[in-house]
Structure formats: structure tokens, C-alpha cells
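Data block below; observations after.
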Amino acid sequence: MIEISGLTKSYGSTTVLDGIDLTVADAQIGAVVGPSGAGKSTLARTINLLERPTSGTIAVNGRDLTALSGSELRAARREIGTVFQSANLLRRLTAAENVALPLRHHGVPDNQVRRRVHELLERVGMLHRANHYPSQLSGGQRQRIGIARGLALKPSVLLSDEATSGLDPDTTLSILTLLRELRDDLGVTILVITHEMDVVRGIADQVARLDHGRIVERGAVADVVRGS
Ligand code: ADP
Ligand code: ADP
């Protein structure tokens, strides 16, 4: 599970995130929804430990990850896998090589990398595209590869940062269906950050609405999305 508590992020005198409290229980799918400028990308970068919060804690399975540095921080980053907007694949690498990147980065031996990449590509239905380059893949296929890469190090939490932005409704639905299957099969906890209420409706158990850096409403999806 992931527990975010009192999370604040300021740049100089500008407070972008102001006391965010957010919990997603094991194998649940939580969502944060908010308009442009609400603080979603700042929240995503803080949660996946690319940026340090000004204050507050981010605990995964009970352990606060915000106070770490050096090798401990690098190890802690394995706990949270990220799926980025437009997948963010390296275009000079094949699908398989993109999925292998985090494994190589963490020193996983070659024979294990091969086995794990095969397993991941199979899980996201992309084994037949292993040797394709990103430019040879559709947006939805690229995002499947992005999901496989996000899962490569067996994170406890998968963070989806606008992962379906720019995809057509059918492709969005297929990606959300895949995420739900992964939650069901692997028991991974998923936090979806999005500006699209339809995405929240399509996938989340719980939702929090972010506006001007604060959670202004939260609850079951049926309650929060009513009237939106
Ligand atoms: P969203 O992803 O919801 O559109 P962002 O997290 O990108 O929101 O931005 C939220 C607010 O924080 C915006 O007003 C933005 O200008 C401000 N902001 C983001 N990053 C910085 C930064 N590095 N320095 C100052 N202000 C920032
Ligand atoms: P190094 O890779 O040299 O050991 P660190 O891993 O400590 O250095 O930090 C690398 C970058 O990550 C720095 O820009 C630092 O500000 C940032 N950083 C360090 N700790 C955290 C943290 N707990 N959460 C988010 N960002 C962090």
C-alpha cells in the first residue's frame, strides 16, 4: 500500500502541493483527478521520487521513502513503477530493450533479463512486437510496452501518470482493462493520475479530486464523479 501524508511541495514562495493526504490500500486502484495546473505532474514526480517533497511523507508498505538518499534511494525507487504520458520510450531501442532498461540499470544478470522481459511482454500482450521500434508501434502498443517497463522491477505500486492521454477512447479502454487485470493478477497497487474523469470512471475504486494543490473532495468514484 501507499500512504501519502501531509505532502507539501513549494518552489520558493509558490506552494504547488499543499498538505496532500492520500492512501491506496493493497491491490486497490486509486485515482487523483484534477484540471490543468492543479499540481498533478508535480505530485507524480514527487511520488516516484524524482523530486523531494518540501515536507510530508510517502510510505510504501509502511516505510517512508522521502528521507532516503544515495543507494537507499535508488533501491527504494524500485518500489514504485511509473507509466508515463505517451509511454516515453527510447526510440533507438526495441520494445524488448526498452523493457529491459530498468533491469539492466539495477544490475540484473543477462539470462534473468531475457526471461523477465519475455514474461513481461507476454503479460501485456506484446510478445509479437518484441523487436519492433517505438515508431513501428501504435500509441496503445507503446503504452503496453511502457506498462511492461514500469512493472519490470516488480514494484509494489504502479503510478500511472496521464498514461492514456492522447489515446482514442477504445485504446484507452483497452489500457485500463490491462491495468485492472494486472492489479487482479499481480496484486499490484495502482495510483492513476489523470485529468480525464472518464478514466477515473473506467478504473478507480477510490478517487481524490485535486485543485490548486489541495485535495478538495474524495471518496468512492460513484460519489465523487456525480455531476461531473
Ligand atoms: P498539472 O500537472 O496538474 O497541470 P503541475 O504540477 O504541472 O500541474 O503544475 C501545478 C502548478 O505548479 C502550476 O501553477 C505550475 O506553474 C507550478 N509549477 C510546477 N512546477 C514548478 C516549478 N518547478 N517552479 C515553479 N512553479 C511550478
Ligand atoms: P546520487 O545519485 O548521487 O547518490 P541521490 O540519489 O541522493 O544522489 O540524489 C539524486 C537526485 O535525486 C538529486 O537531485 C536529489 O535532489 C534527488 N533526491 C534525493 N533524495 C530524494 C528523495 N527522497 N526524493 C526525491 N528526490 C530525491
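The values are calculated or read from the model by the stated rules, or taken from the named source; none is laboratory data. All values reported here derive from a predicted model rather than from experimental measurement. Cβ: placed from backbone, ideal geometry, glycine included. Neighbour counts: every protein chain shown. These accessible areas exclude ligands, DNA and RNA; they are computed on the full protein's heavy atoms, side chains included. Shrake-Rupley method; radii C 1.70, N 1.55, O 1.52, S 1.80 Å.
Entry remark, the range 49-89: residues being within 16 Å of ligand 1 (Cβ to nearest atom), in contact (Cβ under 8 Å) with a residue 40 or more places away in the chain and surrounded by fewer than 20 Cβ atoms within 10 Å (Cβ to Cβ) number 7 in total.
Residues of the range 108-165 that are away from ligand 1 (no atom under 16 Å from the Cβ), closer than 30 Å to His195 by Cβ and small (Gly, Ala, Ser): Gly125, Ser135, Ser138, Gly139, Gly140, Gly146, Ala148, Gly150, Ala152, Ser156. Pairing residues of the range 191-218 that are at pLDDT below 95 with residues that are in a helix (DSSP H, G or I) and open to solvent by 40 Å² or more (accessible area, probe 1.4 Å), at Cβ distances under 8 Å and at least 6 apart in sequence or on separate chains, gives Asp198/Pro169; Gly202/Leu173; Ile203/Arg180.
Within the range 172-190, the set of residues being free of Cβ contacts under 8 Å to residues at least 60 places away in the same chain and among the hydrophobic types (A, V, I, L, M, F, W, C) comprises Leu173, Ile175, Leu176, Leu178, Leu182, Leu186.
In the range 119-163, the qualifying residues are those that are under 26 Å from Arg63 (Cβ atoms) and part of a loop (DSSP other than H, G, I, E, B), and the one that is most open to solvent (accessible area, probe 1.4 Å) is Lys154.
Filter the range 75-118 for residues that are among the β-branched types (Val, Ile, Thr) and in contact with a Lys or Arg (Cβ under 6 Å, 6 or more places away or on another chain) and give the result. Answer for the range 75-118, where residues must be among the β-branched types (Val, Ile, Thr) and in contact with a Lys or Arg (Cβ under 6 Å, 6 or more places away or on another chain): just Val99.
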